[in-house]
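Beneath this line is the structure, given in structure tokens, with notes to follow.
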Amino acid sequence: MLDRVNEIESRALADIAAADSLQGLEQVRVALLGRKGQLTALLRSLGDLPADQRPAAGQRVNAVRAGLEQAIASRRTELEAAAQQARLQQEALDVTLPGRLRRIGTRHPITQVLDEIKAIFVGMGFEVVEGPEVELYHYNFEALNYPQDHPAMDEQDSFYVTDDILLRTQTSPVQVRVMEQRDPPLRIIAPGRTYRREAVSVRLSHTFHQLEGYEVGEGVTFADLKGTLAMFVREYFGADTALRFRPDFFPFTEPSADVSITCGLCQGEGCAVCKHSGWLEIAGCGLIHENVLRTCGYDPEQVSGWAFGFGIDRIAMRRFGVDDIRMFWDNDTRFLRQF
């Protein structure tokens, strides 16, 4: 039996040394020391030996078992270290490679236009004031002299949260909020995002930006309004840009006018954006209605004022030569990266 033990020990040590993976080493361990392993079978057969041979044979088998377990443990340590080293080499980072530059974002073209316009009006003495986008019905319509049957107040034309709260359709409510709290003279611009239930097209969107501007004081006239807008157009679009006023109607101004400039996309020749007229409407304007002045606590006999509202998105279309307003909202980085 001792010869058999020595044979198993010699072959086992060779197999353990030859194992080149943890899985292979485990197979060797199971073949030797598992429930059906060779050495385990020998231990079970000790009872078949004569009584005087059992102690010596048992000691030898246990000694071989302990030696093999130690050899297996030592080889497992070597294989685990080799496996870890291989993994580290595979996952190693080459710190000598140059780093990847982070792509620097750019301001959205709408934001650029807003900032440029604000800078011009601040230079003319206007103050920038912002207001809530979720607005009260009173400030969005009632205080601005809208009649009860005006179509803009219909649920099909505005986004209502409740009967008394809606997403503002214009930045004009900021005018009323400021005039309720301050005494004239006032020179204010109110930029911001607005919402209307429009069918989206190359010219229209349900979400867009406006810039409301107004002046209130003694002796303020329509001539002051025209002069202010003419100065802005020359400053922003260039001295060769033509400016056109046409009579219009707005509930909160009287008299009222729409303001158009020559279309920069077609240079006045006519295109889809300007409806083939050669003109691009950028604003509505007029003298502030006396009912609005009274609502804000002003005496129309003592003070007067004018107001205008720019469509920032359309100005951006002309500014950058964009022929589809939807491109500002598509979040296509290939488009936005140009600006």
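None of the figures in this text is laboratory data; all of them are computed from the coordinates on show. Keep in mind that what you see is a predicted model, and the values were worked out from it rather than measured. Reconstructed Cβ throughout: ideal geometry from the backbone, glycine too, with neighbour counts over all protein chains shown.
Can you tell me the FRET efficiency between residue 234 and residue 323 if r is taken as the Cβ-Cβ distance and R0 is 30 Å, rounded to the nearest 0.05?
In this case the efficiency is close to 0.75.
Report the Cα centroid-to-centroid distance between segment 289-326 and segment 108-168 in angstrom, as an integer.
10
Taking a cut-off of 13 Å between Cα atoms, list the aspartates and glutamates near residue 118, but don't count ones fewer than 8 places away on the same chain.
Once the sequence-local aspartates and glutamates are set aside, what remains near residue 118 is 127, 130, 212, 235.
Taking the Cα centre as origin and putting +1 on Lys and Arg beta-carbons and -1 on Asp and Glu beta-carbons, what dipole magnitude results for segment 84-200, to the nearest 20 debye?
900
Taking R0 as 41 Å, what's the FRET efficiency between residue 199 and residue 221 from their Cβ-Cβ distance, rounded to 0.05?
Result of the calculation: an efficiency of 0.60.
Which of the helices in the chain meet the span-like rule: DSSP H, Cα axial reach of 15 Å or more, Kyte-Doolittle mean at least 0.0?
Membrane-span-like by this criterion, though nothing is claimed about a membrane: 2-18, 22-33, 109-123, 222-237.
Mind checking which of 84, 241, 110 is farthest towards the positive end of the chain's charge dipole, using Cβ charges of +1 (Lys, Arg) and -1 (Asp, Glu) about the Cα centre?
Going by the charge dipole, the pick is 84.
Label residue 108 and residue 77 with points 7 Å out from Cα along Cα→Cβ: what is the distance between them in nm?
6.4
Could you run the Karplus curve 6.51 cos²θ - 1.76 cosθ + 1.60 with θ = phi - 60° over segment 184-199 and give me ³J(HN,Hα) per residue in whole Hz, x for Gly and Pro?
x, x, 9, 9, 10, 10, 10, x, x, 8, 9, 9, 8, 7, 9, 6
Compute the FRET efficiency between residue 165 and residue 97 as 1/(1 + (r/R0)^6), taking r as their Cβ-Cβ distance and R0 = 35 Å, and round to the nearest 0.05.
E(calc), rounded to 0.05, equals 0.05.
Which of rounded, prolate, oblate describes segment 109-336, given a ≥ b ≥ c as roots of the alpha-carbon gyration tensor eigenvalues and a/c under 1.5 marking rounded, otherwise prolate only if a/b is larger than b/c?
oblate
If I stretch the segment between residue 35 and residue 63 completely, what's the gain in nm (0.36 nm per residue apart, minus their alpha carbon distance), one decimal?
That works out to 8.3 nm of additional length.
Taking every DSSP beta bridge that has both residues in the chain, what percent is antiparallel when rounded to the nearest 5?
Antiparallel bridges: around 95 percent, rounded to the nearest 5.
Calculated from DSSP H runs of 4 or more alone, at -39500 (n - 2.57) each and per residue, what is the 222 nm mean residue ellipticity of the chain, nearest 500?
Helix contribution divided over all residues of the chain: -12500 deg cm²/dmol.
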